[in-house]
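Everything below concerns the one structure shown next.
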């Protein structure tokens, strides 16, 4: 199943979630109204009517309406609390944003792993959080879109994991990002909030039931049915919890095995993932102390709460099942290591080599054949991509990497990238935009020129990651200055369009908003496709009748016959920004042909210039369909 099919499947899971949610609401509302009726009966109050007439009794339907209102209010309240996406959830769980300038060696290693995985997968570098108060081992990814995703890990994970184990867990979470699991996970938190709120009320009443039991005898003598109602709500609360957990288990369990398989494919190292799972199995577990652990139990790398009736309600396969999927010897190794530890953390020797005969998820540890269609490579990470990312980061001078780790340095890096790509006098450009012409900026510009164009997009991603936590006003001011600098030399290049498009996507005031599918046929976005494909034809250098022939050959299958190549004078950066923004709301299965057509147009001259490759990767990122850096164009 490819990236676009996964996205379409995620949409179907959303429909399934809505169906389960409606059934759960009906069950809880029916339970509450029945409890109210029983309570009134116990108190000696009889309801008039029977059968259908009883359902129309004011007490009954008001009880049902109030219960429904409480559930919906809980859902809307949680939706509002999570309106900022994954960062809101991470902060709700006590997460602390790791600044790129951190001096903590474990946090620095985590950021390096995330940057490496981001470059290899073509995803904007996620913000990374650490939950300092959680000393068990766990992690999760969240967000409405890949470009706005966050990754959070517990302090216990940082303290115990080796780099290989950490990389495997991050690979697992990146799989959730690539497969669009993070969006439905956030929606599930909001949708289930009302139902789970009833369950939490029930648990609270259960904890305080001692006092209820003490007053039960005297209350009964006064025909007071409130204790009965309280005990009924305890039971109803568990009905809500049961349905909430059942919904999460139905939607999330199989995704964990898929994410494990993807992590092995990304890292080509089953031992890393096995080591992480063995730590959880033998070394402190994965349960979270946060009171929100129930809300996001379906999102974590491993179970966040203890669970009964695991065969029905567990959101994750058992640890032994996950280890067994990695290879037949891993469970035995885990048990041996548990005996050897005797309460001590011990060494990591059991997880540093792959046992003989390891299945390693059949078909994922070997090389994957490269497809001739670039869209089939969207959302994938191959060994070459990981090697490329690692080598590229190693090749970057430490001074340049340090620049991207602070907001001030990140802004300077992005300005320097614009200056390095221009033949115009840099001092004049800066003066025209009223920007400071410092010696450090000029020196950085020369350093970036020497590094070559291959480093531009990775540097953009790393710099933007440092600017995301800035206040909205500061980000808007920076975007205004960046756009002015890009236009200062009267020549707007493909790279400058790419840079501005990615900066707007990640830093604009609406960057974190949740997008919805609006278009289910190409005819609805014909004008936008015409604009995009015309720009790509002219960018490739074709002229006259050759340009028109290329447009008809490659774009004709997606556009109505009346749509022809636009004149160069009708192609502008502003129109292209607007076109790509609307194309981002296409149905997932329609985005693949758009990417393939764009690559075909860029490759019409049998060469792919660096600027064209950057534009294609930016286009894929803007469509939320990340291409790996070494995507094949044959």
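Descriptive notes on the structure:
- Annotation: residue 370 fulfils all but one of (1) assigned to a loop (DSSP other than H, G, I, E, B); (2) modelled with pLDDT of 50 or more; (3) within 30 Å of residue 453 (Cβ to Cβ); the unmet one is (2).
- Some residue of segment 156-168 being surrounded by 23 or more Cβ atoms within 10 Å (Cβ to Cβ), outside any loop (DSSP other than H, G, I, E, B) and under 16 Å from the mean Cα position of the chain (by Cα): no
- Residue list for segment 167-182, restricted to those being in contact (Cβ under 8 Å) with a residue 60 or more places away in the chain, in contact with a strand residue (DSSP E or B) (Cβ under 7 Å, 6 or more places away or on another chain) and under 10 Å from residue 142 (Cα atoms): 173, 176, 182
- All of (1) surrounded by fewer than 24 Cβ atoms within 10 Å (Cβ to Cβ); (2) out of contact with any strand residue (DSSP E or B) (no Cβ under 6 Å at 6 or more places or on another chain); (3) in contact (Cβ under 8 Å) with a residue 24 or more places away in the chain hold for residue 121 with one exception: (1).
- Residue 498 being touching a strand residue (DSSP E or B) at 6+ places or on another chain (Cβ under 8 Å) and closer than 30 Å to residue 149 by Cβ: no
- Residue list for segment 605-614, restricted to those being touching a residue at least 24 places away in the same chain (Cβ under 8 Å) and under 18 Å from residue 551 (Cα atoms): 605, 608, 612
- Test: residue in segment 398-407 that is closer than 16 Å to residue 496 by Cα and touching a helix residue (DSSP H, G or I) at 6+ places or on another chain (Cβ under 7 Å): no
- Segment 373-390, residues that are assigned to a helix (DSSP H, G or I), buried (at least 22 other Cβ atoms within 10 Å of the Cβ) and out of contact with any helix residue (DSSP H, G or I) (no Cβ under 7 Å at 6 or more places or on another chain): 377
- Of all residues making up segment 133-153, the number that are in contact with a strand residue (DSSP E or B) (Cβ under 9 Å, 6 or more places away or on another chain) and under 26 Å from residue 506 (Cβ atoms): 11
- Meeting the requirement of 1 or more residues that are surrounded by fewer than 14 Cβ atoms within 10 Å (Cβ to Cβ), the helices (runs of 4 or more DSSP H) wholly within segment 514-592 are 544-555, 573-583.
The values are calculated or read from the model by the stated rules, or taken from the named source; none is laboratory data. The structure presented is a predicted model; accordingly, all values stated were derived computationally and were not measured. Note that we place each Cβ from the backbone using ideal geometry, even for glycine, and neighbour counts take in every protein chain shown.
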